[in-house]
Amino acid sequence: MLFLIASSMDAFELLVGFTRTYEQWELDEFLTAALLLSVGLTIFSLRRWKELKIEIQARKKIQERLKFAIEGGSLGVWDWNVATGELLIIHDWINDRSFPSPEEETHVSTLEQRIHPEDYLLLVKSMEEVKDDAMLYYEAECRERCQLGTWRWVNVIGKVTARDEEGRPIRATGIARDVTEMHRTRKALDEANKKLDLLYSITRHDLLNQISIIAAYMGLIEDEMGGNETFRGYVRHVATATSTIRDQVVFMQDYESMGVKAPAWQCVGKIARFAGEQASHGDLEIDILTGRVEVFADPLFEKVIFNLVDNTVRHGEGTTAFRVSFHEENDKGIIVFEDDGKGIPAGLKEQIFSRGFGRQDSGLGLFLVREILGITGMSIREKGEEGKGARFEIVVPAGGFRKDHP
């Protein structure tokens, strides 16, 4: 009712100003005009009020969804005023409630006291790279001090969300996630892997020693048999079986190293040049055309490139150079390794990736190359033409590569 009266008063004031021009109007005409104008303004105000109410309700739903998403994902939120250094941290996602308030207003300078000394410089470096546009966003894991004096591992992701007219950052926002349990699990797995590695090493060492003893005695037996070809044939079969066992043990050594360490981003160009120089011993011309592209791969990715170059050196017959390049096909990345050797026959293009193929020459084999790449979803194929050189293409899935990264 008060709203209607207020609207009517506003309308009447407008009408008084209007009637000064038309003083000849009768009183009932004035009243009728005032009533109509008041009703019109009231309807307009009510309609606008309804629109505002709908807009407020919509925003409230969005805020509720965002709140539920943050709580459901156990996420913290931070908002950094780059210009003033003011930092707002919302950490009601922490389960143990060691912080007295879910929202904390502090200054970026306090991070040095709350972040572990071994992680602080890395975090600051990542933040500076984002400020300088060297990276679109940053992601880092660091240890944060709790109110109770303990440490928790936190995964921090953020980016610059506002800049001034000159392009300088003025605001950065992001999220944080407690990954303490993940680190504990990872540490436990690392310890278990260390114990298994020790067991494998001891067992492998003992097996190879016994195989060497068998091989030595087989040589002595063959020397003592004289000209009995039948027995010599038996000895050769035993020697072949012993050699196969040795190869299997060495194969186990290569295979057990796969997937032990976590994959990481690796620069293709740096690895290709280093591995190429090591495998070719400076005998081949190396041309790297990958730019600063990085791939998310197993730490044994270096051995992949090494083995490709090693195959070129051993089987290329007249190879003088090899080239490594990168391009995109649809949403995938393609790393191309090609040489100017004799190439690979069409009938062997898939066979060369079979287990055991070529292991008499190489310590790794293309079978393990394919296995190593497969850990992070990559694949390899041979697309060269016999007589013109080998061409291996490593297919990197979407999200598994990034370009122009510092």
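At-a-glance table
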item: Reachable lysines from LYS61, criterion Cα separation under 18 angstrom, eight or more residues apart if same chain; result: LYS50, LYS53
item: Among the listed pairs LYS270/LYS332; LYS349/LYS383; LYS125/LYS270; LYS332/LYS403; LYS349/LYS388; LYS383/LYS403, those beyond 19 Å (Cα-Cα); result: LYS270/LYS332; LYS125/LYS270; LYS383/LYS403
item: Projected label distance in nm at GLU64 and THR203, using a 7 Å step from Cα toward the beta-carbon; result: 5.8 nm
item: Full-stretch length increase - GLU350, ARG236 - with 0.36 nm per residue and alpha-carbon distance subtracted; result: 37.9 nm
item: Cα centre as origin, Lys/Arg/Asp/Glu Cβ charges: region 264-402 dipole, Debye; result: 280 debye
item: Neighbour-limited loop hits for GluC sites (Glu not before Pro), region 249-351 (at most 14 other Cβ within 10 Å; DSSP other than H, G, I, E, B); result: GLU317, GLU350
item: Region 264-402 - Rg over Rh from alpha carbon coordinates, Kirkwood radius; result: 0.93
item: Hypothetical label at HIS116: residues of region 171-205 whose amide nitrogen lies under 19 Å (7 Å Cα-Cβ projection); result: 176-192
item: Dipole magnitude of region 184-256 about its Cα centre (Cβ charges: Lys, Arg +1; Asp, Glu -1), debye to nearest 20; result: 500 debye
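Bear in mind that the values in this text are calculations on the coordinates, not laboratory data. Since this is a predicted model, take the numbers as computed values, not measurements. Positions of Cβ are backbone-derived with ideal geometry, glycine not excepted, and every protein chain shown enters the neighbour counts.
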